[in-house]
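For reference, the structure is listed below as structure tokens.
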Amino acid sequence: MADVFLDNVVNHVPWVKWIPVPVDPGPFFYDVPMQRLKNFKVDEVLCLYNALTGHPEFTARPEFQLMKFDQYKYSVAGVPFLKKWTLADCITRDYDAEGTLYKKLGSPEHFAILHLDGSDYRAGFDTSIIPEDWQQIEIKEGMTPSVFNWIGMLSNAESIICVDSVFSNLVDQMNLGTDRYFIPRSHIQLTPVLGNDWTIMDFDDATKKRVTIFGAS
């Protein structure tokens, strides 16, 4: 795993041996992880990339033409896709850290949570639709060491507004909240399968040019 993401998982998924890999523009994606696994004498390696420059064998698989990227990974791993929504059974929650975050944010009674920053995208959202007496809490990097520490806040939010990201996946896979808004930012094949009830927001003009592949003539 990229070393910059390690704090998110190391204490919440202790049954995995996490191997940190420094991020770089090239070998980080494949060569370095493969060498690390070899050094640890791992005798079975399963690569879950559905596409990677220089590796046409991934896109040559029949699953690539049929499935979204998350479905692809489960299929290649031989794991039923419905297991995606059993995340709650796989993690260890840190209730003390969740409580610390709640207090840090002012212990609000009525609030909406917004997550608008993707890895390469900042989403727009008209916050005027949120009632004035609700606190608006926007998730920002560095507010708490792990994304999993947001579970308590997300569970109790009146509304959750998420750009396509790790947080929207967390909400969906753990069935958090009830009033959910999903802001898409990617091509259909790179957008995860959503299993819960979401209001899907419209694309902004810039994103629409990047992702539209079907349309009436």
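Just so it is clear, none of the values below were taken in a lab; they were calculated from the coordinates. Bear in mind that the values here come from a model prediction, so they are computed numbers and not experimental data. Methodologically, a virtual Cβ is constructed for each residue, glycine included, from the backbone with ideal geometry; neighbour enumeration extends over all protein chains shown.
Which residue, chosen from Pro33, Ala60, Ala2, occupies the Cα position most advanced towards the positive end of the dipole of segment 1-121, where the dipole is computed from +1 (Lys, Arg) and -1 (Asp, Glu) charges on Cβ about the Cα centre?
Ala60
Among Leu105, Leu116, Leu176, which comes first, then next, by fewest other beta-carbon atoms within 10 Å?
Placing the least packed residue first, the sequence is Leu105, Leu116, Leu176.
Answer rounded, prolate or oblate for segment 3-89, using the Cα gyration tensor with square roots of eigenvalues a ≥ b ≥ c: rounded when a/c is under 1.5, else prolate when a/b is larger than b/c, else oblate.
Details: a/c = 1.75, a/b = 1.10, b/c = 1.59.
It is oblate, given that a/c is not under 1.5 and a/b is not larger than b/c.
Fewest first, what order do Ser75, Ser155, Ser168, Ser128 take by the number of other Cβ atoms within 10 Å?
Values: Ser75 18, Ser155 15, Ser168 24, Ser128 6.
Fewest-to-most ranking of Ser75, Ser155, Ser168, Ser128: Ser128, Ser155, Ser75, Ser168.
Per the helix-only calculation at 222 nm, which mean residue ellipticity applies to the chain, given -39500 (n - 2.57) for every DSSP H run of n ≥ 4 and division by its residues, nearest 500 deg cm²/dmol?
-7000 deg cm²/dmol
I need Glu63, Glu138 ordered by Cβ neighbour count within 10 Å, fewest first. Please report the intermediate quantities before stating the final value.
Values: Glu63 17, Glu138 14.
If I rank by nearby Cβ atoms, fewest first, I get Glu138, Glu63.
State, to one decimal in nm, how far the label point of Asp43 lies from the label point of Lys103, with both points 7 Å from Cα in the Cβ direction.
5.0
Mind pulling the angle between the C-alpha long axis of helix 95-104 and the longest principal axis of the chain? Nearest 10 degrees, somewhere in 0 to 90.
Approximately 50 degrees, to the nearest ten.
How big is the antiparallel share of DSSP beta bridges in the chain, given as a percent to the nearest 5? Display every interim value, and only then the final one.
Details: 2 of 17 bridges.
Roughly 10 percent of the DSSP beta bridges within the chain come out antiparallel.
My understanding is that a pair violates if its Cα-Cα distance is over 28 Å; which of Lys103/Lys208; Lys68/Lys208; Lys83/Lys208; Lys41/Lys73; Lys17/Lys104 do that in this structure?
Violating the 28 Å limit, Cα to Cα: Lys103/Lys208; Lys83/Lys208; Lys17/Lys104.
Round to the nearest 0.05 the FRET efficiency obtained for Phe81 and Ser119 when R0 = 25 Å and r is the Cβ-Cβ distance.
It comes out at approximately 0.55.
Lys38: which aspartates and glutamates have alpha carbons under 19 Å from its alpha carbon, excluding same-chain residues fewer than 8 sequence positions away?
Within the straight-line cut-off, Lys38 pairs with Asp3.
Just subtract the alpha-carbon distance of Asp197 and Val166 from 0.36 nm times their residue separation and send over the number in nm, one decimal.
In short, 9.4 nm is gained.
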